[in-house]
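Encoded as structure tokens, the structure appears first; notes follow it.
The values are calculated or read from the model by the stated rules, or taken from the named source; none is laboratory data. In this text the structure is predicted, and so the values were computed from the model without any measurement. Quick reminder, even Gly has a Cβ in these numbers, built from the backbone with ideal geometry, and neighbours come from all protein chains shown. Just so you know, the surface numbers come from the protein's heavy atoms only, side chains and all, with ligands and any DNA or RNA stripped out. Shrake-Rupley method; radii C 1.70, N 1.55, O 1.52, S 1.80 Å.
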Amino acid sequence: MGKNIILAGKEYSKNSDIEKIAQTLGLNPFVTTQYFEESNTKIISTSTTWNRSSPISAHSVIINAENYFRQIDGAVLFFDSLAYDKIFTHNTIDEFTRATDELILGYNYLTLELLRRFSDHNPGKLFFVLQSQETQADILKNSPKQQTPQQNIGLITSMAQSAFKSFAENIAALNFNQNGNFVYLLEVSSEVSEDEILSWIATKMQEDLPIYKNPKQAVIWQSTEVKSKFQLPFIK
């Protein structure tokens, strides 16, 4: 039987096809969609709008998924830096405020609601997927030989990307294999396809929980590569 999983955070990613890909991999996806004032969230379907700036909406996303599936086995929170950088293009106070609500607090709200539901109802797996991009600071830190002509992301997206990464690591540290819940950290570049990402997630959803050699491994970001160095610390 396929695992019931919430896929959140790809509303602004053009040409994203995560729902169809997840279905082909044997997952039962429930996808968040972009919020508009006139959105109707009462229709029971495999998707729901997510008003990122509202903690009430974060709660509703989970309730709607539970109403459809009855039980949630896992959730994936995507942070698509390249997609966000095309939206937040001006360093204005209004855009910083909006980005704080949508790209930082929105993930905070949904994460805390998911962990609470997992603890109150049934254990689940939580995936943080960072589709990262180089920042201006990253370029300056690299030696001239390491610097690439790849365009770096802007200030707002850089801020939110760092916040997402730090938040995810600390959630993983605080919830280290507690009550059967488990937090996975996955960082990939924009060149890694959704097929690769979701294939990795589908595999982890079916596998037993990893056993760490030491707690420090809980905050290491993994990759989708089969021979990734991030997978070596795990034993079965």
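Scanning for something farther than 22 Å from residue 171 by Cα, over 15 Å from the mean Cα position of the chain (by Cα) and among the polar types (S, T, N, Q), does the stretch 92-102 turn up at least one residue? Within the stretch 92-102, one or more residues are farther than 22 Å from residue 171 by Cα, over 15 Å from the mean Cα position of the chain (by Cα) and among the polar types (S, T, N, Q).
Looking at the stretch 72-83, is at least one residue more than 25 Å from residue 45 (Cα to Cα) and hydroxyl-bearing (Ser, Thr, Tyr)? So that I can check it myself, show each step before the final result.
Step one: list which residues in the stretch 72-83 are more than 25 Å from residue 45 (Cα to Cα), which gives 81-83.
This time we only want the ones that are hydroxyl-bearing (Ser, Thr, Tyr), so: 81.
There is at least one residue in the stretch 72-83 that is more than 25 Å from residue 45 (Cα to Cα) and hydroxyl-bearing (Ser, Thr, Tyr).
Output yes when any residue across the stretch 160-169 is modelled with pLDDT under 95, open to solvent by less than 60 Å² (accessible area, probe 1.4 Å) and either at positive phi or touching a strand residue (DSSP E or B) at 6+ places or on another chain (Cβ under 9 Å) (or both), and no when none is. Spell out how you get there, then give the answer.
Here is the first cut: in the stretch 160-169, the residues modelled with pLDDT under 95 are none.
Scanning the stretch 160-169 turns up no residue that is modelled with pLDDT under 95, open to solvent by less than 60 Å² (accessible area, probe 1.4 Å) and either at positive phi or touching a strand residue (DSSP E or B) at 6+ places or on another chain (Cβ under 9 Å) (or both).
Does residue 13 meet the test of being under 25 Å from residue 203 (Cβ atoms), at pLDDT below 95 and open to solvent by less than 70 Å² (accessible area, probe 1.4 Å)? Spelling it out, residue 13 is indeed under 25 Å from residue 203 (Cβ atoms), at pLDDT below 95 and open to solvent by less than 70 Å² (accessible area, probe 1.4 Å). Restricting attention to the stretch 198-221, the residues being closer than 14 Å to residue 126 by Cα, surrounded by 15 or more Cβ atoms within 10 Å (Cβ to Cβ) and either hydroxyl-bearing (Ser, Thr, Tyr) or at pLDDT 90 or above (or both) number 8.
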